[in-house]
Amino acid sequence: MAFFKLIALLCLLAVSALNVKGEVRKFPDTLSFGVATAAYQIEGGWNASDKGENIWDRFTHTTDTIKDRSNGDVACDSYNQHKRDVEMLKELGVDFYRFSISWSRILPEGFSNRLSQDGIAYYDSLINDLIQANITPSITLYHWDLPQNLQDLGGWANPLMVDYFIDFAEVAFEAFGDRVKTWITFNEPWVVCIEGYGGVTKAPALGISGIAEYMCAHTILKAHAKAYHLYDEVYRPIQNGRIGMSLNAGWDEPATQSPADIEAAQRNTQFNLGWYAHPVFSREGDYPQVMKDRVAQKSLEQGYSRSRLPEFTPEEIAYIRGTYDFFGLNHYTTTLVRMPTMRSIAKANFWDDVGTEGFPDPSWPGSASSWLKVVPWGFRKLLNWINENYNNPEIMVFENGFSDRDNKDDVDRISYYNGYLNALMDAIEDGCNVSIYTAWSLMDNFEWLEGYTERFGLYYVDFNDPRRPRTPKASALYYKSVLDSRTIERD
Ligand code: GAL
């Protein structure tokens, strides 16, 4: 036995000796590369033609919460400049482009009673130009811009929104599904519900924590599942594409190796990623057990007559389970997690339900975003965690990127991408089945509450110039060289 252990150790040493800094690593041929954007963040044309008002139009026009008092009225002006966007995509040499559809641009009233021909024509033209350029289009249906009149009816807290989302999805499948073969139902439902319904840092900023985010998630999970089934039964046989959602997740690293901190980190993952992933990707379906138990118990202690976490019926659990063709993942950063020092509070609150504390290691390099620290190894750990917990699904990374302030010579972004692409390679070598990698973002754009003060682009956009000229940053050239060679250097 000892002999075999020695041999194994020697093999390991020999292999790690080969892992030399600067060594060229080749990506598998099965991995495709792209970039992503979202409608509200780049399009502008907020009232062009017959487009209806959405919750971000309303939020930015009627509150003063955006850092630089800006909005997406013009943004990158992609509504008028999508041909330039396609040129940039060609310059980069991407395999695909992930963009989102503005619901109120194609359905001005939110409902499918009236379609905007101009809205449909805009996306038609973009899709056709992409195909002509040999770039695969992939569409996100919902990237946070709900039509305002659907919000006035309760938005995602209203269970009937499931059917209105399906109407929208159906219009999109009908109009674009002959050419679009990758569909993402929802982008980061966690952010939609936590920040927009429980909190106030995204539209519609309801701030009803411990209640509204659970209602929101419940509706979104059902809407996602129904869109999956619709596509699967009606459109897949004729259009032959694939559909899933894209979940945001950081990696939760236990702050210490104490059993309490390890448990806290696991619970944090279940309350955040597991909240959406467990119902869809686990064998048993439904919300994670730890979440059901804790919210039920806290609700009881707080005097509620039932758990603030709504329950799925057994039929709903079965209907939602397995509604994926891939695991869409948006990943940016890692957090240290520990058991909280604070006592729990009497009022309903999501963070109290989770009962953990997250904080960064002070040695991790930062970015322009307070939450975004550079920790490539967390990416590898997260991919492996998904692989182990959800039965080795095909993972499509739909967002990964770095923010800075105003810098075309963006060496920190290059180092971020190089680190994270190495971590991706490590995860692939570990056995994770990753087929898509997407950089966020093609160009600087409207970064929600931060306005234009945090830039994530490979292309620099001059927001002071009415023509919104775009210039490649150093990172665009770096990404292009990765895409041309399909290799990176070991860091
Ligand atoms: C994601 C989001 C994007 C983008 C990015 C950078 O959460 O999907 O729209 O803003 O973060 O913060």
| query | What's the number of the condition Gly419 fails, among (1) outside any loop (DSSP other than H, G, I, E, B); (2) touching an Asp or Glu at 6+ places or on another chain (Cβ under 7 Å); (3) within 16 Å of the ligand (Cβ to nearest atom); (4) within 24 Å of Ser32 (Cβ to Cβ)? | reply | (3)
| message | Can you find, within the stretch 174-200, the residue that is nearest to Val280 (Cα to Cα) among those that are buried (at least 24 other Cβ atoms within 10 Å of the Cβ) and among the aromatic types (Phe, Trp, Tyr)? | response | Phe186
| task | Kindly indicate whether Ile345 is free of Cβ contacts under 8 Å to residues at least 24 places away in the same chain and either charged (D, E, K, R) or over 18 Å from His224 (Cα atoms) (or both). | result | yes
| What pairs can you find where one residue is in the stretch 476-491 and under 15 Å from Ser415 (Cα atoms), the other is of a type in the set (S, T, N, Q), and their Cβ atoms are less than 6 Å apart, with a gap of 6+ or different chains? | Asp491/Asn418; Asp491/Asn422
| task | Scan the stretch 422-449 for residues that are in contact with a Gly (Cβ under 8 Å, 6 or more places away or on another chain) and farther than 18 Å from Phe33 by Cβ and report the count. | result | 3
| message | Can you find a residue that is in contact with a Pro (Cβ under 6 Å, 6 or more places away or on another chain) and under 30 Å from His218 (Cβ atoms) anywhere in the stretch 124-144? | response | no
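In this structure, is Thr60 at pLDDT 95 or above and surrounded by fewer than 15 Cβ atoms within 10 Å (Cβ to Cβ)? Before you say what the answer is, go through the steps one by one.
Numbers: at pLDDT 95 or above: yes; surrounded by fewer than 15 Cβ atoms within 10 Å (Cβ to Cβ): no.
The answer is no for Thr60.
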| Taking Ala318 and the conditions (1) within 16 Å of the ligand (Cβ to nearest atom); (2) surrounded by fewer than 16 Cβ atoms within 10 Å (Cβ to Cβ); (3) of a type in the set (A, V, I, L, M), which numbered condition does it fall short on, given that it satisfies the others? | (1)
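Out of the residues in the stretch 456-491 meeting the condition of being among the small types (Gly, Ala, Ser) and in contact with a helix residue (DSSP H, G or I) (Cβ under 8 Å, 6 or more places away or on another chain), tell me which one is farthest from the ligand (Cβ to nearest atom). Steps first, answer last, please.
We begin by selecting, within the stretch 456-491, every residue among the small types (Gly, Ala, Ser); these are 457, 474-476, 481, 485.
Keeping just the survivors that are in contact with a helix residue (DSSP H, G or I) (Cβ under 8 Å, 6 or more places away or on another chain) gives 474-476.
Numbers: Ala474: 20, Ser475: 15, Ala476: 17 Å.
Looking at the filtered set, the residue picked out is Ala474.
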| field | Single unsatisfied condition, Val374 versus (1) touching a Pro at 6+ places or on another chain (Cβ under 9 Å); (2) surrounded by 21 or more Cβ atoms within 10 Å (Cβ to Cβ); (3) among the aliphatic types (A, V, I, L, M) | value | (2)
| task | Check the stretch 341-363 and report whether any residue there is crowded, with 21+ Cβ neighbours inside 10 Å, over 23 Å from Gly196 (Cα atoms) and not charged (D, E, K, R). | result | no
| field | Yes/no for Leu153 being modelled with pLDDT of 95 or more, more than 16 Å from Val180 (Cβ to Cβ) and within 16 Å of the ligand (Cβ to nearest atom) | value | no
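Give the residues of the stretch 49-79 that are under 15 Å from Arg468 (Cβ atoms), part of a loop (DSSP other than H, G, I, E, B) and away from the ligand (no atom under 16 Å from the Cβ), sorted by residue number.
Taking the stretch 49-79 first, the residues under 15 Å from Arg468 (Cβ atoms) are 70-79.
Filter once more, so that each one left must be part of a loop (DSSP other than H, G, I, E, B): 70-77.
Within the stretch 49-79, Asp73, Val74, Asp77 meet the criteria.
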| note | Checking Thr438, Thr453 in turn, the sole residue that is within 16 Å of the ligand (Cβ to nearest atom) and assigned to a strand (DSSP E or B) turns out to be Thr438
| request: Output the qualifying pairs, or none if there are none: Cβ atoms under 8 angstrom, residues six or more apart or on different chains, first residue in the stretch 244-262 and assigned to a strand (DSSP E or B), second residue away from the ligand (no atom under 16 Å from the Cβ) and of a type in the set (D, E, K, R). | output: Gly244/Asp325; Trp251/Lys381; Glu253/Lys381; Pro254/Asp261; Pro254/Arg338
| said: For the condition in contact (Cβ under 8 Å) with a residue 24 or more places away in the chain, within 16 Å of the ligand (Cβ to nearest atom) and over 18 Å from the mean Cα position of the chain (by Cα), what is the one hit in Asp412, Asp406, Asp430? | reply: Asp412
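If a residue counts only when it is aliphatic (A, V, I, L, M), which helices (runs of 4 or more DSSP H) contained entirely in the stretch 265-357 have at least 2 such residues? Spell out how you get there, then give the answer.
Details: elements: 275-281, 289-301, 314-320, 350-354.
Filter on the stretch 265-357 gives 275-281, 289-301, 314-320.
The values are calculated or read from the model by the stated rules, or taken from the named source; none is laboratory data. Everything numeric here is computed off the predicted structure, so don't read it as measured data. Please note: Cβ atoms are built from the backbone with ideal geometry, for glycine as well, and neighbour counts cover all protein chains shown.
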